[in-house]
Amino acid sequence: MEMSNEVLDVTVPVQCLVKDSKLVIHDRTKSELPGFFDPALGEDKMLHIVYNYHDQPHEVTIKDNEPLRLPKTSHRTNVT
């Protein structure tokens, strides 16, 4: 995957939000979360998360104001 200046790595701030193996992000702009900021004021932003749960790969992409609750079976990716 090629990284551009339009992509910010927020792995550490997201990991800090995990409690008891769960991640809950409410329906508000992610720039309000600790360790985040708004790199492009007024532009649409997405949060892409790749994670493992029970040794299974999972992946999800949400809009900036979309709530999120992990883990979720629907995020599991099919790897053969």
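Rule-based calculations on the coordinates, nothing more; no lab input. Remember, it's a predicted structure, so these values are computed and weren't measured experimentally. Every residue, glycine among them, receives a Cβ derived from its backbone with ideal geometry; neighbour counts consider all protein chains shown.
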Legend entry - Around P13: net Lys/Arg minus Asp/Glu count, Cβ-Cβ under 15 Å: 0
Legend entry - Those trypsin sites (Lys or Arg not before Pro) in the chain that DSSP places in a loop and that have at most 12 other beta carbons within 10 Å: R28, K72
Inset, instruction - Would you kindly state how much longer the chain becomes between Y51 and L8 on full extension, computed as 0.36 nm times their sequence separation minus their alpha carbon distance, in nm to one decimal? - result: 13.8 nm
Legend entry - Phi-based couplings in Hz for segment 39-44 (Karplus 6.51, -1.76, 1.60; Gly and Pro marked x): x, 8, 3, x, 9, 5
Legend entry - Pairwise label distance in nanometres, T61 with V24, each label 7 Å out on the Cα-Cβ vector: 2.7 nm
Legend entry - Anchor K22: aspartates and glutamates whose Cα lies under 16 Å away (excluding residues fewer than 8 positions away in-chain): D55, E59
Legend entry - Amide H contacts under 5 Å for R76, placed H, 5+ residues apart: E59
Inset, instruction - Step through the residues of segment 28-34 one at a time and calculate ³J(HN,Hα) from phi using the Karplus curve (6.51 cos²θ - 1.76 cosθ + 1.60, θ = phi - 60°), rounding each to whole Hz and writing x for Gly and Pro. - result: 8, 4, 5, 5, 7, 7, x
Inset, instruction - Please give the net charge around M46, taking every other residue with its beta carbon less than 11 angstrom from that of M46, where Lys and Arg add +1 and Asp and Glu add -1. - result: -2
Inset, instruction - Using a cut-off of 15 Å between beta-carbons, work out the net charge of the residues near P71 (Lys and Arg +1, Asp and Glu -1, P71 not included). - result: +2
Inset, instruction - Tell me which residues come under 5 Å, amide H to amide H, from L23 once H is placed; ignore anything under 5 positions away on its chain. - result: L70
Inset, instruction - Convert each backbone phi in segment 8-21 into a coupling constant with the Karplus relation 6.51 cos²θ - 1.76 cosθ + 1.60 (shift: θ = phi - 60°), then list the ³J(HN,Hα) values in order as whole Hz, x for Gly and Pro. - result: 10, 7, 10, 4, 5, x, 5, 4, 5, 8, 6, 10, 6, 6
